[in-house]
Every structure is written in C-alpha cells, then in structure tokens.
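K.L.:
After the structure tokens below, expect a handful of questions from me.
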Amino acid sequence: MSSKPRSGLLRQHDFRLLWAGETTSRFGSNITGVAMPLVAVVTLDASTFWVSALAAAAWLPWLLIGLLAGAWVDRLPRRPLMVACNLVSLVFLLSVPAAAWLGVLTMGQLLVVSLLTGLANVFFSIAYRVYLPFVVSREHLTEANAKLQGSESAAQLAGLGGGGALAGAFGAVTGLLADAATFLTSTLCLLGIRATEPPPKKPEQPTALRKDVAEGLRHTVRDPYLRVLTTYGTVTNLLLTGYQAILTVFLVRELHVGEAALGWLLAGSSIGGLLGAVVATAIARRFGTARGMLLCKFATAPFGLLIPLAEPGWRVVLLPLGGAVLALGVVSANVIQGAFRQTYCPPELLGRITASVSVANFGAIPIGSLLGGVLGSLFGLRPTLWLLTAGLAVSSVLLLAGPLRGRRDLPTEPPQPAPDYATPEQR
C-alpha cells in the first residue's frame, strides 16, 4: 500500500491515475448508456420490451458468473485483470459501429455486445474495489471513495449529455466509438500506476473454487450489517432499474423529447449524484456513518414520485429533478458503504464479499429492467413509473430491520474469526 501522503490524496501519483482512468471510462460508458438504447429505438425501431432487454443484458452476467468472479479476483493479480477487461470491452464496442456502417447491424448483435461487455465489467468492478486499498492508505479510503463517486457522477452528467449531443449531431452509433476510446485511456492510466500490488494470499491447502465462493457468501449472509445493506440494495436496484429501463422510451414517445435534449434530461440526475459525493464525508462526520446513511436514504427516496409527474413542456423538468434528489441519496450512501466494506471486511475475503454483495445488488438490475419493460408493455409507461417510484419511496424502511437503527457509526474493524458471529453491541 502506498505511504500516507504529505500534501493530500490528490498529490498521490497512483491515485490520480486510477481516478483519471476510471472517470474517463465512466464518461464513455454513460455515452453508451444513451447511445445503445437510441440505436435500438431509432435505428432498429425496437419495442419497449427489447429496449429493456438490452439494458438487462448488460447486467445479466452478475447473475450468471458474479460469485465465481469474486473467487477468481481473490486469486488473480488485479491490475492485469482490469487491463484485460478494458481491452475486451473496447473490441466488442467497436464491432457495433462497424456493423452499422456495413448495414448488417441487428438487435441480436446489440444484445450480444451488451452481454459480453457486461461480463468484462463484472470482473473489472470487483477487481477495482479490491485494488483500491492497495493504492490508497486506509485512513483515506472514505475520501477516495467520495472522489471516485463524485467524478463518476460528473462523468455521468457529461457522458449522458454528450451522448445525446453526439447522437443528435452524428448518429447514435458514433457514441460507441467514444466509449471505446475511453477504455483505451483507462488502460494506459492503469499501466502507469507505480504501486506494487502484493500477490494474492494463497491458502495453506488448495481449495476448490466452489468452497471459496461459499465462504464469501456465508460471511455476507451471516453478518448482520452486510446482510441488511445487501437486502436493501437489491430491492432498491430492482425498482431503480425498472423505471430507468423505460425512461428513454417514455421521453421519446410520451414526452416527445428529441435525441439531443434526451441526453441532458437523463444527465440531470447526475447533478444530485455529484452533490451526494461532495456532502457524503461531511454527513458521515456530522451525524455518524450509520445515522448519516439512514438520513440520506429516508430524506431523498420520496422525491422519485416527481418522475411520473413529468409532462411535455416545462413540467418535463420534474423528471431530472426527481432523479437528481434520488441520486443524491444513492451516491452519498454508496460513498459511506464503500469505505465501510473496505475497512470492515477481512482483506483475504474482500473480493468474494464484494462479489456476493454485487451479485445480489447488480443481479437485480436485469430482473428490474425486464420488469420495467413487461409492466410498461402491460399497463403503460406512466402507470409503471408510478408503481416503481412509489416502491422506492417506502423501501428505506428495510434498513431498520437490522442493527443500523441502534448505532451512530458503522463498525470500522474487520470482525474477528469465530464460530458464531458476535452481536452488534459486542462489536
């Protein structure tokens, strides 16, 4: 792990490179977040269901291979793995504009590309979270997570808006070229990091991969903090992605928004995410990490009900406004949770615990995307938005089912190995 910096986290060469590479990659991915469904809607005239299926395909690999990926990440060097994932994504993204220019692009190809780049993202996301504590000292993990979440929100704001602008000016497939270029930039930044990552800790006795997976899953399920946070994240992701999967169709076909304006309206929620990253550390310091996270969730979730109130004309702004307040709560809580897991979980299990949490949280995304598409097709877009955002408004109650309600702060030390888990008070 790199030594403690004298002049602040931003003076660290390795963190700057990691931050720059991840921010650039996120910028490109958000361009694709606009460009890919627009290619389906505008170029291929896809139905609401197929657009939601496209969104689901990007997250389906978490359900298919997420747990195994966590075990592999704990066994493999993380930086080379992340570089390989970037290059795989670059190649598959380039295939879409190539096929479009040749006149052979199909919905099937879009689904395959979304699935395979999603597969690469599974390994990259787990490895990235495990790699961060080797680049940043322990006492700076909250600050590092806040900066990364903040730049992710800024990249989302610029990427979604830029994606819409690119689509309006040059066509939707052009945005995918921009995303491919950002994967190359991210790779170069990773290769420039100087910190030497220690080799993954090997067990004294070789173990089967399934036993490694079971160990991480068992730890996540038994721990009262990880269990309640994972359950809540799974439910909210199901609802969030359910309504997000049909937003593009809602904006184009019911609110009659053009391609360029669509990107900026979708990007509006990122302003809230950026603000959430900025205030997360101050909220945790003022109210405590546990109470601060509860405050972020309970105070922001009801604002999602503004989204289905959007109408053509000036009331269209209700959609990005509701999304922005939701994003503020989500991102600020994610900053706190990210630092909590990186300090609380045993280092040798961090990859598997991250995978277990991510499989539950991200595995809900393809289900939520398909749910949004099915409900939108059966009941209409606006009634579906009402149903899903109402669910979000009351979902924070789930956080009160565990030990969070009785604490000011989340634990900061890894639990001691024991046959049975200690009670929250003993921690």
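K.L.:
Where Rh denotes the Kirkwood radius from the mean inverse Cα pair distance, what is Rg over Rh for the chain?
P.N.:
Here Rg/Rh amounts to 0.95.
K.L.:
Something else now. Expressed in nm to one decimal, what extension gain is obtained for the pair T106 and V91 from 0.36 nm per residue of sequence separation less their Cα-Cα distance?
P.N.:
Gain on extension, T106 to V91, equals 3.7 nm.
K.L.:
Test of understanding: what is the full-extension gain from H13 to E254, defined as 0.36 nm times their sequence separation minus their Cα-Cα distance?
P.N.:
Length difference between fully extended and current span is 82.0 nm.
K.L.:
Stokes-Einstein D for region 285-344 at 20 °C, 1.002 mPa s, Kirkwood Rh over Cα pairs, in µm²/s?
P.N.:
The Stokes-Einstein estimate is 171 µm²/s.
K.L.:
Would you please state the base-10 log of I(q)/I(0) at q = 0.10, 0.16, 0.22 1/Å for region 1-133, with intensities from the Debye formula using one equal scatterer on every alpha carbon?
P.N.:
Once normalised to I(0) and log-transformed, intensities are -0.41, -0.87, -1.31.
K.L.:
What ranking do 359-369, 343-353 get when scored by the average of other Cβ atoms within 10 Å per residue, highest first?
P.N.:
359-369, 343-353
K.L.:
Relative to the Cα centre, what is the charge dipole magnitude of the chain, using +1 at the beta carbon of each Lys and Arg, -1 at the beta carbon of each Asp and Glu, and rounding to the nearest 20 debye?
P.N.:
1000
K.L.:
Suppose each label sits 7 Å from its Cα in the direction of the beta carbon; what would the L400-A282 distance come out to in nanometres?
P.N.:
About 2.8 nm, to one decimal.
K.L.:
Output the peptides 42-49, 191-198 sorted from most to least packed, where packing is the average of other Cβ atoms within 10 Å over each peptide's residues.
P.N.:
Descending mean neighbour count gives 42-49, 191-198.
K.L.:
Here's something else I'd like to know. Can you give me the three principal axis dimensions of region 68-129 from its C-alpha atoms, in Å, biggest first?
P.N.:
So the three principal-axis extents are 43, 18, 14 Å.
K.L.:
Here's something else I'd like to know. I need to check one value: relative contact order of the chain, counting alpha carbon pairs closer than 8 Å and at least 6 residues apart, in percent.
P.N.:
After rounding, I find 27 percent.
K.L.:
Sorted by packing (mean other beta-carbon atoms within 10 Å per residue), highest first, where do 325-335, 118-128, 95-105, 15-25 land?
P.N.:
The most tightly packed comes first, giving 325-335, 118-128, 15-25, 95-105.
None of the figures in this text is laboratory data; all of them are computed from the coordinates on show. Predicted, not measured: the structure shown is a model, and the values here were computed from it. In this analysis, Cβ positions are derived from the backbone assuming ideal geometry, glycine residues included, and neighbour counts consider all displayed protein chains.
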